[in-house]
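Bear in mind that the values in this text are calculations on the coordinates, not laboratory data. On a predicted model such as this, the values are computed, not experimentally measured, just so you know. Virtual Cβ from ideal backbone geometry, glycine too; neighbours counted across all protein chains shown.
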Amino acid sequence: MQQNKPIQSPRESITKKILVIAGGALLTAAALAVPFFYPTETLWYKVGFAKILLQIGQFAGLLTLVFLVMQVLLALRPGFLTQGFSSGTLMRWHRRNGIAVAVLATSHVLLVLAPEGISNLPIGWEYWPEALGAATLVLLLVTVLLSLFRSKLKLSFAGWRVLHRSLGYGLFLLLTLHVLFVSESFQSGLPRYGLIAVCIFVFATAVGLRVRLRRPST
């Protein structure tokens with residue numbers, strides 16, 4: 001026999017909403033603080049407008065990572081989200097957040113490359129983290145386009161859902177590897193271990209939800 005979920009009081013629902021929003025704000029603030037406390041060596045050689053563009057590009061990249069974490073959690077809909085927000089609200093956030101991730105990722109690439117110029121693109125095996133970032137951007141744009149034009153491409157919902165979920169996990173893993181190895185800020189210390197902890201939390205949440213769904217109801 002399936003057990004009914006306990007009914008929440010309005011106060012409990014509001015409290016959980018506040019905690020979720022506060023958690024997202026804290027994660028965003030922590031990510032944006034990294035360049036100030038753990039600056040990259042690249043900024044040492046930049047001055048003027050080029051330095052400003054690179055700094056904004058770094059912030060856009062960090063926001064891409066934060067928003068992608070949120071995107072995966074919005075897709076998973078763990079209990080701490082569904083207990084505070086309706087499915088319709090989470091779905092709307094998921095769609096809008098996906099577009100924001102694509103815009104931020106594209107802005108990051110353009111702003112980081114602008115001070116160097118297209119002629120100085122990092123090419124070679126030693127620049128594999130940069131190549132991984134480029135591949136992540138392409139895969140991200142493909143994922144967004146597939147979502148926006150699913151009906152025109154005549155993709156079945158079931159097939160698209162499996163593909164979309166697989167691409168989402170893959171994007172998060174690729175972006176995490178890109179950030180860990182492309183930036184000196186994440187080579188060691190709190191930023192590196194914090195990002196690894198977030199990655200473990202996201203995938204542990206995904207595994208936990210999948211196990212719970214497969215467990216037979218009583």
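Tabulated results
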| read-out | value |
| --- | --- |
| Simple label model, 7 Å out from Cα along Cβ direction - Glu41 to Tyr193, nm | 2.3 |
| Cut-off of 10 Å, at most 16 other beta carbons, DSSP loop: longest stretch of the chain lacking such trypsin sites (Lys or Arg not before Pro) | 47-151 |
| Over the chain, relative contact order from alpha-carbon pairs under 8 Å, at least 6 apart, % | 27 |
| Contour minus Cα-Cα distance for Ile18 and Leu173 (0.36 nm per residue) | 53.0 nm |
| Sites Leu145 and Arg165, calculated FRET efficiency, Cβ-Cβ separation with R0 25 Å, nearest 0.05 | 0.90 |
| Stretchable slack from Ala30 to Val138, in nm (0.36 nm times residue separation minus alpha-carbon distance) | 36.2 nm |
| Residue among Leu141, Ala158, Cys199 farthest towards the positive dipole end of the chain, charges placed on Cβ | Ala158 |
| FRET efficiency estimate (nearest 0.05) - Cβ-Cβ, Ala50 to Val207, R0 45 angstrom | 0.55 |
| Net dipole in debye of the range 1-148 [+1 Lys, Arg Cβ; -1 Asp, Glu Cβ; about Cα centre; nearest 20] | 820 |
| 222 nm mean residue ellipticity, helices alone, for the chain (DSSP H n ≥ 4; -39,500 (n - 2.57); rounded to 500) | -26000 deg cm²/dmol |
| Sequence ranges 61-69, 22-30, ranked by mean other-Cβ count within 10 angstrom, highest first | 61-69, 22-30 |
